[in-house]
Each structure stands twice: as C-alpha cells, then as structure tokens.
Amino acid sequence: MAITTEETPAAHGAGPTGAPPAPAISLEGVGKTYRSGPGTVTAVHRIDLEIQQGEFFSLLGPSGCGKTTTMRMIAGFEEPTSGTIRLAGKDVTGVPPNRRDVNMVFQSYALFPHMTVADNVAFGLKRKKVPSAEIKKRVAEMLDLVELTDRARYKPSQLSGGQQQRVALARALVNRPSALLLDEPLGALDLKLRQAMQLELKRIQREVGITFVYVTHDQSEALTMSDRIAVMNKGVVEQLGTPAEIYETPATRFVAGFIGTSNILTGTVDTVSDGWARIGYGHGQHVLAKGDGTAPNEEIVLTVRPEKIRLSAEEPDANLSRIRGTVREVVYLGSTTHYTVRTVDDTDIVVFQQNSSDASNLAERGDTAWLSWRPEHSYVLPG
Amino acid sequence: MRAATKEAAPAAAPRRWRPRISLGKLFTWAVLVWLFVPIAGMIAFSFNDISGRQNVSWQGFTLKWYGQAFAYPDLNQALINTLVVGVSTMVISGITGSLLGLAMGRYRFRGQQISNLVMFAAISAPEVVIGAALLSLFLTINMTTGLLTVIIAHVMFTVSFVAITVRARVMTMDPRIEEAARDLGADSWTTFRLVTFPMLFPAIMAGGLLSFALSVDDFIITTFVSGELSTFPLWIWGSTRIGIPPQVNVMGTLIFVVGVVLTVINVVLARRRS
Ligand SMILES: Nc1ncnc2c1ncn2[C@@H]1O[C@H](COP(=O)(O)OP(=O)(O)O)[C@@H](O)[C@H]1O
Ligand SMILES: [Mg+2]
C-alpha cells in the first residue's frame, strides 16, 4: 500500500541501482528506557518499522504508549537505549537533531514568539545558508500553500490556533525534509477545525510528496488519513497494516478494542472441519471462525464488527454464524440504529443496522431476535 | 458607551444618592499622593531661590541652580562614582544573574536547593549584616576598600534579583521552542543567540535595571565597604549636617526625569510590540 512517488535524492541511499530504494525511515529493535528517580521507565520496548518514501504513516495508540518517545528518537532528541535508527539507509546513532534531514511539527507548535510568521518559516532555510532571494521565494510559496500570505508580518500571538498550526507546518515543510514528523498536530484544535485540517494535511502531503509520520491517539483520524498505521500499546507495535487491514482483521484483542467498536466472543471449540472452527451454543446456534491451528475443546476468543451482523426475526441460513438473544437496548441514530443484544451465555453483542426506507424498525426492546454474519467476518484473537 | 450610560443614569437612579468617588478610588489617590509628595518637594526645592545654606523654606522661584548644577566638584565626583558603580553592577549582575537564572530554571543539579536558599538569603538578609560581614571579609583578606569592593558588594546583593527574574521567565518558557530551533538546523550556540536570548531579554533587562536602581541609591552596605570612595547617597548624608545644597535637588530631579522618560519609552515600545 506504500505509495512510492518520484525519486527524491534521499531515495538513492541504498546500494546499486536497481535495488529497491532504502526506506525513508527504518527502526530495528529500537527501545528506550528512561531513568526516573531511583527506578527506570521503559517507554518503548522494541520496535521494528520500515517507513517508505512518500508514505503517510501513522503511529496510533493510547496516551502514554510511547508514540512521542518514538518520534523524538527519530528526530534525534532522545538516543535509543537499544536498536538502530536509519534515515534513508544511513545509521543516525549519535547524529544531533540539527544534522538530521527530518523536521518535526510539535503538538504545542513551538513557534518562535519574537519572530514574525515569515521569519519563523525562513528560520530553517537561513540555517542552511540558502541564498536570500531563494529564501524569499520559497517562504512566499509555502505561505501560499498554507494560505497565510496575508499574515506574513504578524507575530504568532496574533494568530488563531488553526493559523498557528499552519505556520508550524509551513516552518517544517519549507525545508523539504526527507520526512516530516507530526506529533498530534491537531490535538489542540476543536473538532470542526480538526476535520478540516485533516483533509488539508492530506492534500498538502499529496502535493509535496514528502514522507509523513503522523502521531495520534485518535483512531478515526488515523484511519482517514494514513496509507499505513502502526498500532502501539505499552511500548510495542501490536499491528502494522493499512487502515482496512487493521479495521477488518485486528490482530490482537487490544487492536480490536481500540479501533472502532468490536464484539468479543469467547467459547469452546466443538469441531474443526475444513479449517473452520465451530462453537456451538445449542438450539441450532453456532459461531464459525477461520480456525487454523485450533483444536476441539480449546477455549478461543473471537471478534466481529457490529456493522457485519444482521438482525432478523426468522432463522438465518446454517452456513452463517448465528446466535439468538434478547434485545436490551435500541438507539436510533438517523442513518443507523444500534441494538444491544444479550445472548444465551450472557454476552452483550452490539449490532449496527442501516435504516433503509422499507425495514424501518426491525426489533423492539425485549424482543427475541436472531443475529447472523458471514463466517469470514469473525477473527480468532490470540490469547 | 460611556455617553449612553451617563444619559440614562438620571432617569434610572433618582431614588438613591450614590457617592461619586468610591472608597477604593479615594484610597488609591491617597497612596499616589503620599508617594509623590516627597518627589514633588524635591523637584520644587530645586527651583528655590535661597541665599544661605539652608534649603528648607520657600524663598522664591529661580532656575539658577540648573546653571550651577555642577558647582561642587566633589559632588560631581560622587555622582560619577555612583554611575560607574551602578552601570558596572548592572552589567556584571545582568550577565551572572542571567546565567544563574537560566541554570536554575532549566537544569536539575546537585545543590539546587542550597543555591535557592542562598539566593533568597541574600535578598532577605538585613543590609547592616551584609555590610558588616563584607567589611570584615575584606579586612581579613587584606583587600583595600574602595571602588572595587563597592562594586563587589553591590553585585553580591543585586545578582539574586536578576537570577530570580530570569529563572521565572525560563520556567514558563516552552522547552519545545528551543528544540524546534535545533530541529530546524541551529546548533546550540545559534539556538541560544537567536531564540533563547531574545526570549529572555525582557527579563534580563528588567533584572538589570532593577540592579542599577538598587545600586544607585544604596547607602547602608556602601557605607561599610566604601573606604575613601564617595558616592551620591554618601555625599548627601555627609552634607546634611551643614545643609544640603540645591544642586542635590537638581541632580535628583534630573535622575528622576531620566527614569520617567525611560519608563515611558518602555511602555510605548511594549504597546507598539503587541
Ligand atoms: N523524559 C522522560 N523521563 C521519564 N519518563 C518518561 C519521559 N518521557 C516519557 N516518559 C514516560 O514514557 C512513557 C511514554 O511516554 P510518551 O512517549 O510521551 O507517550 P505518548 O506520546 O504515546 O503519550 C510514559 O509512561 C511517560 O511517562
Ligand atoms: Mg505524546
């Protein structure tokens, strides 16, 4: 799913021509343990990642899972306690931040308060001793890109939050780094502005073709914007994949719970045939799941998304996973209705049904109803 | 807005009499008058047309003392000494205090608590104690008292003020701003020069000017360590027994005017900046 754009100079980093270009960023067994008072805190356990040129890559995870620490190690503000970080194939151990070809957009923006917007944006180019005529031109282009041309002579304190955010972005992008690191860049904005800026960021990334590494704890933001996502938890990457892969086939219980809404079912395998494990609940009820490596009598955990489940009064086909229950709650939400159904083994299952014009109200609270879904929509989770 | 309120007032509140001046306002004005009267007196008596040595009762208006402002060579020398000490103190305390404040606000180090304590002790210790202690120190190490010892003493009691002002600024400063500079290609010195220093400058300036003001009018500590050196406050004290000449009022007025002008410029610049 990685989008390889036009060759940038950094892409030639790896060996002889013909070989695939080195990843923009690669982490090999990277870990970070902080000394904290008398003890230590391990923020990042062990991360292996390859981020390709031109990719929009997200690090997604709850607060405190080590996203910022990972980012700061790539930027050079923290040295890993183990492992190696390579930028365009080159080991950057010990290289200070000012000599790494990546730029960072801070959550607090960290604009220089005593400089105008234009001087903020020009800061990086001046450090690189770019001729002043070119600096002027590139700053003007960049301010145009983020639509702040008329604010060039303002101080950061005279701008709104969204405008400051765009200055922070322009200040980093103008240097044409091989990768841009964004640490929850939209975290301080209100919902509406955040959604507008998500589309804006995506547009800018497509236009400039620079690798974006995007940190967020907001799963919908990551799903909307990313080419690939690494879902992190407690300092490890739990799953790495495209938004669709992560949403459709969560690899762990944590991922299933963190991304969207998931129903978690547990049960004992009755039979395994043709690679399908079957859990029976009696009275014609059973759940089927792809069960490579499961054996009869084994306890398994599986997951199914609420929008994959169909609610019906009549008995569904026996090829499907099907289970009966009592409707406990009905929440009408306009285009969809959310049902909570309690099954025979006292598990609550959430079902999202589209409200089509003909089938307006499928079930009422207290009704008994059948739930069914195609077997390939359940995934067996480890542990 | 104001006009509208005024017009509406008679119709709305004829029932109750309200004092036009609130107690708070009255108190504020009383404090301002109390603060300003001695200064107004000093300025007025710089225009007093006296003939003897006693400048205590009003004799008539004259500008002649401004023409003879520098008629006493030893008073001139005292004023010059005061300015030399003041500027030296401002520069030395400004630099040392800023570095101290930066270190104390930014880093955790061994003895941080102790240095905090020492700083506040230097501010809160009675001046007589500091003066006496310094004098006995200079005597012990056999250092001749004079210009140098006065500067050392003044730096000693003003440096904490600069350090505290700068430290307060450092602690409210987002460390990410300096990281951003590093990230954009600035080495540590460039980061300090272009980002840290400009952001600290108002605090450094405030601390420096405070040091200057404290140094210029210090009397107690200076008395202990001045030796043969005369300063403006010491000279005035010396002349009280024989009568303070109007030149002192003239110089006081000039110093006051310079201070007011600097303050006004600062306010105007600050307003233009925001
Ligand atoms: N400088 C530090 N010293 C000690 N512990 C730290 C430091 N920075 C982060 N941590 C700890 O490391 C963990 C991960 O932090 P962080 O990378 O900021 O997480 P995230 O960005 O995902 O919220 C947290 O438990 C945090 O308390
Ligand atoms: Mg974070």
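The values are calculated or read from the model by the stated rules, or taken from the named source; none is laboratory data. Bear in mind that the values here come from a model prediction, so they are computed numbers and not experimental data. Counting neighbours? That spans all protein chains shown, and the Cβs are built from the backbone with ideal geometry, glycine included. What goes into the accessible areas is simple: the full protein's heavy atoms, side chains included, and nothing from ligands, DNA or RNA. Shrake-Rupley method; radii C 1.70, N 1.55, O 1.52, S 1.80 Å.
Remarks
- Sorting A:Glu314, A:Glu307, A:Glu221 on solvent-accessible area from highest to lowest, probe radius 1.4 Å, gives A:Glu314, A:Glu307, A:Glu221.
- Kirkwood Rh and Cα Rg combined as Rg/Rh, the range A:231-383: 0.98
- Only beta bridges with both residues in the range A:25-253 are counted; by DSSP, about 50 percent of them are antiparallel.
- On Cα atoms only, tilt of A:117-127 relative to the major axis of chain A in degrees: 70
- Here B:Phe36 sits with roughly 100 square angstrom of accessible surface, probe radius 1.4 Å.
- Exposure ranking of A:Arg342, A:Arg153, B:Arg53, A:Arg228 by accessible area [1.4 Å probe, largest first]: A:Arg153, B:Arg53, A:Arg342, A:Arg228
- Antiparallel %, DSSP beta bridges [both residues in the protein assembly as shown], to 5: 75
- Most tightly packed first, judged by the mean number of other beta-carbon atoms within 10 Å of their residues, the peptides A:234-243, A:87-96 read A:234-243, A:87-96.
- Between amide H atoms placed 1.01 Å from N, distances below 5 Å from A:Ile25 occur with A:Ile51, A:Ala88, all of them 5 or more places distant or on a separate chain.
- Over chain B, accessible surface divided per residue gives 62 Å², non-protein components excluded, 1.4 Å probe.
- Per-residue accessible area (protein heavy atoms, 1.4 Å probe) orders B:Thr191, B:Thr96, B:Thr140 as B:Thr140, B:Thr96, B:Thr191, starting from the largest.
- Of the DSSP H helices in chain B, those whose Cα atoms cover at least 30 Å axially and whose Kyte score averages -0.5 or more: B:23-45, B:73-106, B:147-171, B:246-273
- The phi torsions of the range B:62-71, fed into the Karplus equation with coefficients 6.51, -1.76 and 1.60 and a -60° offset, translate into couplings of 8, 9, 5, 5, 5, x, 9, 4, 10, 6 Hz, rounded to whole numbers, with Gly and Pro shown as x.
- The alpha-carbon of A:Lys32 sits under 30 angstrom from the alpha-carbons of these lysines, leaving out residues fewer than 8 places away in its chain: A:Lys67, A:Lys90, A:Lys234.
- Amide H contacts under 5 Å for A:Ser82, placed H, 5+ residues apart: A:Gly31
- Over chain A, accessible surface divided per residue gives 46 Å², non-protein components excluded, 1.4 Å probe.
- Residue by residue along A:107-118, Cβ atoms of other protein chains within 10 Å of the local Cβ number 4 on average.
- In order along the range A:86-103, the phi-based Karplus estimate (6.51 cos²θ - 1.76 cosθ + 1.60, θ = phi - 60°) of 3J(HN,Hα) comes to 10, 10, 6, x, 9, 5, 10, 3, x, 7, x, x, 6, 10, 10, 8, 10, 10 Hz; Gly and Pro are listed as x.
- Complex-versus-alone comparison for the range B:159-183, residues with a loss of 40 Å² or more in accessible area, probe 1.4 Å: B:Arg176, B:Ile177, B:Glu179, B:Ala180, B:Arg182, B:Asp183
- Debye, to nearest 20: dipole size of the range A:261-381, +1 on Lys, Arg Cβ, -1 on Asp, Glu Cβ: 200
- Based on Cα contacts under 8 Å between residues 6+ apart, chain A shows a relative contact order of 15 percent.
- Estimated translational D of the protein assembly as shown in µm²/s (Stokes, Kirkwood radius over Cα pairs; 37 °C; 0.692 mPa s): 102
- Percentage relative contact order, the range A:25-253, counting C-alpha pairs under 8 Å, at least six apart: 29
- Rolling a 1.4 Å probe over the protein heavy atoms of the protein assembly as shown, with every protein chain left in place, gives an accessible area that is 60 percent carbon and sulfur.
- With respect to chain A, whose longest principal axis is taken over its alpha-carbon atoms, helix A:161-173 is tilted by about 70°.
- Accessible area that becomes buried as A packs against B, both chains, 1.4 Å probe, Å², nearest 100: 1700
- Counted over chain A, the DSSP beta bridges are approximately 75% antiparallel.
- Helix A:191-208 vs. chain A, principal-axis angle (Cα, 0 to 90°, nearest 10): 60
- Residues whose placed amide H lies under 5 Å from that of A:Gly291, excluding near-sequence neighbours: A:Trp276, A:Ala277
- Mean residue ellipticity at 222 nm, helices only, the protein assembly as shown: -14000 deg cm²/dmol; runs of at least 4 DSSP H residues each add -39,500 (n - 2.57), and the sum is divided by the number of residues.
- With Cα atoms as the point set, the radius of gyration and Dmax of chain B evaluate to 24.7, 81 Å.
- Annotation: aspartates and glutamates with alpha-carbon distance below 18 angstrom to A:Lys126 (same-chain offsets under eight excluded): A:Asp101, A:Glu134, A:Glu141, B:Glu178, B:Glu179, B:Asp183, B:Asp187.
- The relative contact order of the range A:261-381, computed from alpha carbon pairs under 8 Å that lie at least 6 residues apart in sequence, is 30 percent.
- In order along the range A:298-309, the phi-based Karplus estimate (6.51 cos²θ - 1.76 cosθ + 1.60, θ = phi - 60°) of 3J(HN,Hα) comes to 7, 7, 10, 10, 9, 10, 8, 6, x, 7, 8, 8 Hz; Gly and Pro are listed as x.
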